[in-house]
Amino acid sequence: MELEIDAIKIKQEDNVATALRALNKQDTAKYRDGEGFSETLILEDIPYGHKFATRDIASGEDIVKYGEVIGRATRDIKTGSHTHVQNLESLRARGDLGKARD
């Protein structure tokens, strides 16, 4: 019998996972992590399709999803916290950053 998962984390280097259902504060979210499975205690409500941190992320650190940098943390983000516009800034299509990042 396959373990039911609550979120998806595609690449080992990802530091966020995407919720496959609405997750409530104090839920334990299960997700595939490489060859095995991991669990994260959810610290706040996470809407369906939104991201949560799978490890502590420092302010200024890249946010990595599906093996790609999707933004930068604007403040420290604790494991299990909602990772969205309140604590993440996009790094793409921003003229104020000069040359686009690779």
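The values are calculated or read from the model by the stated rules, or taken from the named source; none is laboratory data. Predicted, not measured: the structure shown is a model, and the values here were computed from it. Cβ coordinates were reconstructed from backbone atoms using ideal geometry, including for glycine residues, and neighbour counts include every protein chain displayed.
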Those residues that are among the small types (Gly, Ala, Ser) and either closer than 20 Å to Ala7 by Cα or modelled with pLDDT under 95 (or both), I need them from segment 66-96; list them, please.
Gly67, Gly71, Gly80, Ser81, Ser90, Ala93, Gly95
Across segment 43-80, what is the total count of residues that are within 11 Å of the chain's Cα centre (by Cα), over 15 Å from Leu20 (Cα atoms) and of a type in the set (Lys, Arg)?
2
Could you check segment 1-57 and list, in sequence order, the residues that are in a loop (DSSP other than H, G, I, E, B), exposed (fewer than 13 other Cβ atoms within 10 Å of the Cβ), touching a residue at least 12 places away in the same chain (Cβ under 8 Å) and among the hydrophobic types (A, V, I, L, M, F, W, C)?
Leu3
Are any residues in segment 58-85 polar (S, T, N, Q) and in a loop (DSSP other than H, G, I, E, B), and if so, which ones?
Ser59, Thr74, Thr79, Ser81
